[in-house]
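Working notes, structure below.
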Amino acid sequence: MQPILDLDVLDPVSSAPDARGADRPRALAARVASGPSNGRSVFIETYGCQMNVADSELVASILGAQGWALADDEDTADVVLINTCAIREKAEDRVRRRLVHLRARKERRQPDLQIGVLGCMAERLRSRLLEQERLVDLVVGPDAYRDLPRLLAENHDTGQAAVNVQLSREETYADLAPVRTDTNGISAFVSIMRGCDNMCAFCVVPFTRGRERSRPVTSILSEVGQLVDAGYKEVTVLGQNVNSYRVEHDGAAVTFAELLYRISLLSPELRIRYSTSHPKDCSDELLHVHRERPTVCDFIHLPVQHGSSDVLKRMRRTYTREHYLDLVERARAIVPGIAFSTDLIAGFCGETDAEHAQTLSLMEAVRYDHAFMFAYSERPDTFAARKLSDDVPEAVKKERLTEIVDLQREHSAASHRQRVGGHEVVLVEGASRRSDDQLRGRTDTNHMVVFDRPAGLAAGDYAVVRVDDCTSATLLGSFVRPTTLAAVSPLAGGVRQRDGGSGSAA
Ligand code: SAH
Ligand code: SF4
Ligand code: F3S
């Protein structure tokens, strides 16, 4: 989970909990092609949410099979693909600046460079990027990545712009093995559904990602099984509305809760997280899976968006403040110690001071461990853009956002302070950012912990760590002993994935 810093909170591209930092573009590291080399290379840069990161890994796999190598950087690449986000205007502005830069480079010194736009901006703007702005050679929407090799060849051979922004009701890329280039070999993303049918009034995603569809169970289980065999210790299963996952399998419905349960049977040492869940689909069945399966982490990213039932109605979120608070209470009763993060929007259409105050009071009632907070940004074609008025002045949006951010900072700090003196089971992710002498990892509840590196402990190991101190973003601890998840399962006593193995740790 990323720290709550001004940049991350006020100006993020992605909302989803993401240890890598939401605001920066991510480049896939260099890799040799999996098919016979075609002598050409591609540089892929990713903006936006975790689904885009996972999609870039699919694109790398599709191109790798056709002999493409992944380039280290744009300087050495024959093709640059930018996988884009359209969620807020700022996210698009950033990509547009990047495209202008690449276009200038092509014109000045690299006339053969092919520039492609993938993802949500490709879907939203379609041929506008080609025809009006003449920025790119290729526009490919999120359901058309299998067509990329053909489109690249066509553009290369003819010099004509190539476009495929067809959305699909079926495509889940179920048969493709992503090239895991964006991971540390310990945590991986696994996409299990695509698209969104919810049509929240503010949101562009249903337009850019198309209709909701779930990936077959067997292909998900087989991908996770391969990750376990390859030594991975954590998967985050992904979907725009991940907990509405549902497929028919062997004549029976498999729900998201059932899917998680089945994934959890694959290994006692694989932590399971998911993102992003919608409150309407957070069933008791799912909460019981959290309770009963020790590897399903006690953490839910459960975006509320707003604290006022009237605003939630205008947002078309399909639940009220009371429903949401009941849900949080029920989750805490079923899964003691469960942690929550959320997304919040300040300054939605018609938001009054009193309605804004309800967001603050909901935050007080829930006390989130983390939050991603945004000023409302009107998106073309959405229900809000067509039917409501974006009438909260920018300065007021900013003021309200600042109040939300300040309150969340207090809550995040308090949630850290509460953990000081306790013990946590940490999955080691690698050296801390500051020093090689320290290790970094996350708790079951998704809190980052940094502690002095003991001899013999490596990335991918679990450790019991005593929490001695904290900053607003990180827990600071001391190593107690190595452990396994099986050793600290609730069946072994006490608090889940805390130091339950031997009662209290010494
Ligand atoms: N599928 C996820 C969210 C995807 S978008 C979900 O339903 O929770 C991530 C977050 O961006 C949203 O939760 C929302 O808080 C924010 N967001 C979406 N559209 C926005 C807009 N037009 N302006 C500001 N924030 C927005
Ligand atoms: Fe957007 Fe709502 Fe779908 Fe999330 S659930 S992707 S906010 S429409
Ligand atoms: Fe952005 Fe598309 Fe994800 S709009 S948040 S990249 S689904």
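Data table
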| quantity | calculated |
| --- | --- |
| Matching residues in region 162-207 - criterion: being touching a strand residue (DSSP E or B) at 6+ places or on another chain (Cβ under 6 Å), polar (S, T, N, Q) and within 16 Å of ligand 2 (Cβ to nearest atom) | Ser191 |
| Every residue from region 150-168 that is touching a residue at least 12 places away in the same chain (Cβ under 8 Å) and not in a helix (DSSP H, G or I) | Ala161, Ala162, Val163, Asn164, Val165, Gln166, Leu167, Ser168 |
| From the options Asp175, Asp182, Asp143, Asp147, residue that is within 14 Å of ligand 3 (Cβ to nearest atom) and either modelled with pLDDT of 95 or more or in a loop (DSSP other than H, G, I, E, B) (or both) | Asp143 |
| Within region 39-55, considering residues that are within 16 Å of ligand 1 (Cβ to nearest atom) and part of a loop (DSSP other than H, G, I, E, B), the one nearest to the chain's Cα centre (by Cα) | Cys49 |
| When residues of region 321-339 are limited to those that are surrounded by fewer than 20 Cβ atoms within 10 Å (Cβ to Cβ) and touching a Lys or Arg at 6+ places or on another chain (Cβ under 9 Å), the one nearest to Ser361 (Cα to Cα) | His323 |
| Breaking point among (1) part of a loop (DSSP other than H, G, I, E, B); (2) surrounded by 20 or more Cβ atoms within 10 Å (Cβ to Cβ); (3) small (Gly, Ala, Ser), for Ser412 | (1) |
| Residues satisfying the stated conditions in region 208-230, i.e. near ligand 2 (Cβ under 9 Å from one of its atoms) and within 19 Å of Leu176 (Cβ to Cβ) | Arg209 |
| Sole residue being closer than 19 Å to Asp281 by Cβ, among the hydroxyl-bearing types (Ser, Thr, Tyr), within 12 Å of ligand 1 (Cβ to nearest atom) and in contact with a Lys or Arg (Cβ under 9 Å, 6 or more places away or on another chain), chosen from Thr318, Thr342 | Thr318 |
| Checking Leu325 against (1) assigned to a strand (DSSP E or B); (2) away from ligand 2 (no atom under 14 Å from the Cβ); (3) farther than 22 Å from Asp444 by Cα, the condition it does not meet | (1) |
| Residue within region 359-381 that is more than 28 Å from Ser489 (Cβ to Cβ), basic (Lys, Arg) and at pLDDT 95 or above present | yes |
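The values are calculated or read from the model by the stated rules, or taken from the named source; none is laboratory data. Small disclaimer: the values here were computed from a predicted structure and weren't measured. Heads up, the Cβs are rebuilt from the backbone with ideal geometry, glycines too, and the neighbour counts pull from every protein chain shown.
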